[in-house]
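> Just passing along the structure, written as structure tokens.
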Amino acid sequence: MNFFQSAVPPNEGDTMRDLVLVIDVLSAVFLIALILLQQGKGADIGAAFGSGASQTLFGSRGSANFLTRTTAVLAAIFFLSNLGLAWLYSQNTEPASVTQSVETKPQPKTDMPISPSEVPAPPKAPEVPK
């Protein structure tokens with residue numbers, strides 16, 4: 001069996017899960033990048049003392065509406081895709097317990113008790129120096 005092949009044949013719902021998962025990951029990456037592009041509220045204070053950090057990539061305040069709206073849209077897409085993934089993965093009707101999937105072998109029963117010669121002696125405690 002190849003490492004990338006699944007032992008279970010794909011269901012029709014797997015394609016939808018994969019699509020929603022790709023949308024979720026891409027929205028998360030773009031959301032992180034957009035948040036890092038935005039200027040903080042206290043960034044203009046440094047410009048008053050000659051720092052020159054009051055300009056961002058898109059200008060001083062002209063892009064604040066664009067970035068905040070885009071961030072809100074990406075956050076909504078991210079949350080909705082996570083809710084969709086939770087719903088899609090909860091539709092699995094098979095029991096997903098680890099203990100049910102493990103096969104246990106019954107232990108052989110012995111009628112004879114272990115002879116005292118087979119039991120190892122307990123180790124001696126080390127002597128304490130006086």
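The values are calculated or read from the model by the stated rules, or taken from the named source; none is laboratory data. No experiment lies behind these values; they were computed from the predicted model shown. As a convention, Cβ positions derive from the backbone with ideal geometry for all residues, glycine included, and neighbour counts pool all protein chains shown. Surface areas here come from the heavy atoms of the whole protein model, side chains and all, with no ligands, DNA or RNA. Shrake-Rupley method; radii C 1.70, N 1.55, O 1.52, S 1.80 Å.
> Out of (1) at pLDDT below 75; (2) surrounded by fewer than 10 Cβ atoms within 10 Å (Cβ to Cβ), the odd one out for Val128 is which?
The one condition Val128 does not meet is (1).
> Pro113: open to solvent by 90 Å² or more (accessible area, probe 1.4 Å), assigned to a loop (DSSP other than H, G, I, E, B) and at pLDDT 80 or above, yes or no?
Here the answer is no, as Pro113 does not meet what is asked.
> Moving on. Val98 is checked against (1) open to solvent by 100 Å² or more (accessible area, probe 1.4 Å); (2) at pLDDT below 85; (3) within 23 Å of Leu19 (Cα to Cα); (4) under 22 Å from the mean Cα position of the chain (by Cα) and fails just one. What number does that condition carry?
Unmet condition: (3).
> Further, regarding this structure: Out of Leu74, Leu80, Leu67, report the one residue that is open to solvent by less than 60 Å² (accessible area, probe 1.4 Å), modelled with pLDDT of 85 or more and under 21 Å from the mean Cα position of the chain (by Cα).
Unique residue meeting the criteria: Leu74.
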